[in-house]
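The values are calculated or read from the model by the stated rules, or taken from the named source; none is laboratory data. Every value quoted in this text rests on a predicted model; they were computed, and no experiment measured them. Positions of Cβ are backbone-derived with ideal geometry, glycine not excepted, and every protein chain shown enters the neighbour counts.
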């Protein structure tokens with residue numbers, strides 16, 4: 001990958017889109033992970049206004065530390081970057097007092113995890129409306145179009161997706177070029193939706209390099225019969241997530257009314 005050319009291409013694309021939309025810049029949720037670090041840095045390089053938003057909800061301390069470290073170094077490098085912190089923990093706790101809990105604990109935990117992501121989306125759009133900004137998505141290609149590892153109308157609710165055509169490995173290459181802090185580069189990827197430091201691999205059962213491989217095999221038309229051992233296990237994991245999360249990756253279904261009914 002020609003990293004510098006990719007970076008310049010994305011930066012120019014972001015700037016052109018924002019200019020045509022007649023907005024002032026971008027708002028990005030900062031999680032302490034590589035994807036939000038890359039996205040916010042690319043937005044900063046446009047020269048347009050960038051608002052970095054921390055939105056902790058019972059967040060793991062390591063995530064908070066990395067997010068603050070990234071914001072501090074980004075502000076030291078770019079004078080068009082500002083930041084704010086919105087503690088959503090009280091909002092989340094109040095929400096829980098107004099809903100009922102029915103089902104097994106795993107189902108409840110997942111519903112609450114997705115609620116966290118949707119509260120953050122709402123917060124980002126509040127600031128976007130306040131300052132006339134676009135919400136920049138932080139999803140990469142494997143997450144967005146491979147396993148669908150994001151929350152519908154949560155972190156999937158964005159105005160534009162600058163790194164959604166990049167594999168996770170390519171995102172890390174951009175991280176080196178863009179001088180993302182080592183603490184973020186070395187941290188295990190995590191969605192931060194459960195109040196602890198569990199990694200994406202813990203939840204999915206496969207690493208991003210493995211998922212990239214599986215995505216490439218699937219796109220090449222390979223089937224389970226082509227693999228054995230760990231490769232077969234990973235391919236099955238990929239296909240399970242890809243199938244169950246397909247609804248996130250396709251347009252919202254529309255019931256088309258026959259013309260003779262109208």
Item checked: region 117-140, subset part of a helix (DSSP H, G or I) and in contact (Cβ under 8 Å) with a residue 60 or more places away in the chain, residue nearest to the chain's Cα centre (by Cα) -> 117
Notebook entry, point to check: Which one of the conditions (1) within 20 Å of residue 67 (Cβ to Cβ); (2) modelled with pLDDT under 95 does residue 253 fail to meet, given that it meets all the rest?
Noted result: (1)
Note to self: Take the residues in region 90-113 that are closer than 22 Å to residue 189 by Cα and surrounded by fewer than 17 Cβ atoms within 10 Å (Cβ to Cβ); name whichever of them is modelled with the lowest pLDDT.
What the structure shows: 106
Checklist line | Cross-chain or 6+ apart pairs with Cβ under 9 Å, region 24-45 first and at positive phi, then in a strand (DSSP E or B) and modelled with pLDDT of 95 or more | finding: 25/49; 25/50; 25/51; 25/133; 25/134; 32/54
